[in-house]
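The values are calculated or read from the model by the stated rules, or taken from the named source; none is laboratory data. If you're wondering where the values come from, they're calculated on a predicted model, not measured in any experiment. Neighbour counts run over all protein chains shown; Cβ positions are idealised from the backbone, glycine included. To get the accessible areas, we keep the full protein, side chains included, count just its heavy atoms, and leave off ligands, DNA and RNA. Shrake-Rupley method; radii C 1.70, N 1.55, O 1.52, S 1.80 Å.
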Amino acid sequence: MTVWYRDIAQLTIPTPFAVGDVHVYVIKGERMTLVDTGPKTNEAWEALESQLSAIGLVPERIDQVVLTHHHPDHAGLIERFPHAAVIGSKEGERFLVRDDEFIKDHDVFYKTFFSSMGLPESYFVLIEKMKEPLQALGNRGIDQAVSEGDILQGASKWKVIETPGHSQGHISLFRENDGLLIGGDMLLSNVSSNPLIEPPFSSGEPRPLPQLQYNESLKRLQDMPLSAVLPGHGPVVSDPSNLLSHRLKKQHERAMYVKQLIAQKESTAFEICMQLFPSVYRKQLGLTLSETMGQIDYLVSLGEIEIVDRRGDAFLYGALTNIKEPVNEQEIGR
Ligand SMILES: [Zn+2]
């Protein structure tokens, strides 16, 4: 189903993932631009073709594909546009190309990281399982790497804004004259974006701190004159300013609850994860570990908690002061 938002066409594409449908956008400028593609499934391709046709386009008419980020629900169908240039962050490219070296780095990174969280080895099967969604991800490099402040060629009213956090190399497109942002998964109406833990840009670099990156991106957007955000999932964000403040406030509250748990008992990140998400951590281990680590990274950055000891390869966190807040199972972001 195609919905027009001002002069931008929003197409809605099914995904096989729990997140549900994904939105992709068509910008009719000097060049025909598609922002994101949907996942690499037949259903998604059929939906994309028929919705392009409903606005008078065939896939061959698309001159360029901009990727907000390299996740499978957004970047699956890039091989279906062989004549179009793929535009995106250089940082996301290794996820799209997935050469042997990247796969090796990926596995070593998660083994080290999960060990530091105190995840028992019996759960390490997760590292293989994390690669399953990659089957719905496209396999093709970036033709034109863009970064902060770049003007989109062929759609010159749109400027690239770097909004990392939900993924490394996440970008958004901003149109200054009416304050419209095409935001990928940067800001969603119904759910907070998960600060997914991903390997660093190149091996040997320190682990990215996605929650801190994400908060910086939120604050960054707070300083911009946004009128609306066209998101990757769910309803258009028509009051971005309120939602940005709400997301920052809620995250702080969640972190303070984590601090309370740590104040009660020195813990590994995995122990905290089990307490935060007792009924879902087994099913959604990747998401819940990322969410937990995000709160821990945030608390460490504030000096509220610190690493007080080690248990084997795992870090044990302790709080610097005591606090009391009500106990609730936390929601997981997507
Ligand atoms: Zn998404």
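Leaving out same-chain residues fewer than 8 places away, which lysines sit with a Cα under 17 Å from that of Lys90?
List returned: Lys159.
Quick query: amide H of Tyr317 versus all other amide H atoms, modeled in the peptide plane; which residues come in under 5 Å with a sequence gap of 5 or more or a different chain?
Hits under the 5 Å cutoff: Ser267, Thr268, Val308.
In terms of modelled amide H atoms, which long-range or inter-chain residues lie less than 5 Å from the amide H of Met32?
Excluding prolines and chain starts, which carry no amide H, the hits are Asp63, Gln64.
Expressed in nm to one decimal, what extension gain is obtained for the pair Ala54 and Arg220 from 0.36 nm per residue of sequence separation less their Cα-Cα distance?
Computed gain between Ala54 and Arg220 is 56.2 nm.
Highest mean first, what order results for 198-207, 80-89, 93-102, 292-301 on Cβ atoms within 10 Å? Write down the numbers at each step before the final one.
Numbers: 198-207: 13.3, 80-89: 19.1, 93-102: 15.8, 292-301: 22.6.
So the peptides 198-207, 80-89, 93-102, 292-301, ranked by packing, come out 292-301, 80-89, 93-102, 198-207.
Considering only protein heavy atoms and a probe of 1.4 Å, how much of the accessible area of the stretch 137-285 is carbon and sulfur, as a whole percent? Write down the numbers at each step before the final one.
Values: 2800 of 5690 Å².
Its accessible area is 49 percent carbon and sulfur atoms.
Using the heavy atoms of the protein chains alone and a 1.4 angstrom probe, what is the accessible area of the stretch 1-157 per residue in square angstrom?
Accessible area per residue, the stretch 1-157: 44 Å².
Projecting each Cα onto the charge dipole of the chain (Lys/Arg +1, Asp/Glu -1 at the beta carbon, about the Cα centre), which of Ser202, Ser53, Leu96 comes out farthest on the positive side?
The listed residue farthest towards the positive side: Ser53.
Please give the contour-minus-distance gain from Ser227 to Glu176: 0.36 nm per residue of separation, less the Cα-Cα distance, rounded to one decimal in nm.
On the way: separation 51, 0.36 × 51 = 18.36 nm, distance 0.98 nm.
Length gained between Ser227 and Glu176: 17.4 nm.
Taking the mean number of other Cβ atoms within 10 Å as a proxy for protection, how do you rank 48-55, 266-273, 114-121 from highest to lowest?
Details: 48-55: 16.0, 266-273: 21.8, 114-121: 17.6.
By packing density, highest mean first, the sequence is 266-273, 114-121, 48-55.
Roughly how many debye, to the nearest 20, is the charge dipole of the stretch 1-107 about its Cα centre, given +1 on each Lys and Arg Cβ, -1 on each Asp and Glu Cβ, and no other charges?
Details: 10 positive and 18 negative charges, 72 e Å.
For this selection, approximately 340 debye.
Using R₀ = 56 Å, calculate the FRET efficiency as 1/(1 + (r/R₀)^6) where r is the Cβ-Cβ separation of Glu306 and Asp99; round to 0.05. Could you put the intermediate results ahead of the total?
Working: r = 38 Å, r/R0 = 0.67.
Efficiency computed from Cβ-Cβ geometry: 0.90.
Which of the pairs Lys219/Lys265; Lys40/Lys131; Lys104/Lys131; Lys104/Lys265; Lys111/Lys283; Lys249/Lys283 have their Cα atoms more than 24 Å apart in this structure? Let's see the in-between values first.
On the way: Lys219/Lys265 32 Å; Lys40/Lys131 14 Å; Lys104/Lys131 12 Å; Lys104/Lys265 36 Å; Lys111/Lys283 19 Å; Lys249/Lys283 27 Å.
The pairs that break the limit, which is 24 Å between Cα atoms, are Lys219/Lys265; Lys104/Lys265; Lys249/Lys283.
Grab the beta carbon distance between Asp150 and Asp7, set R0 = 25 Å, and tell me the FRET efficiency rounded to 0.05. Provide the component values of the computation, followed by the final result.
Numbers: r = 21 Å, r/R0 = 0.84.
After rounding, the FRET efficiency stands at 0.75.
Please compute the length gained on full extension between Gln135 and Glu46, using 0.36 nm multiplied by the number of residues separating them and subtracting their Cα-Cα distance.
30.3 nm
Rank by packing, highest mean first: peptides 154-166, 66-78, with packing defined as the count of other Cβ atoms within 10 Å averaged across residues.
Numbers: 154-166: 20.8, 66-78: 27.1.
Ranked from most to least packed, the peptides come out as 66-78, 154-166.
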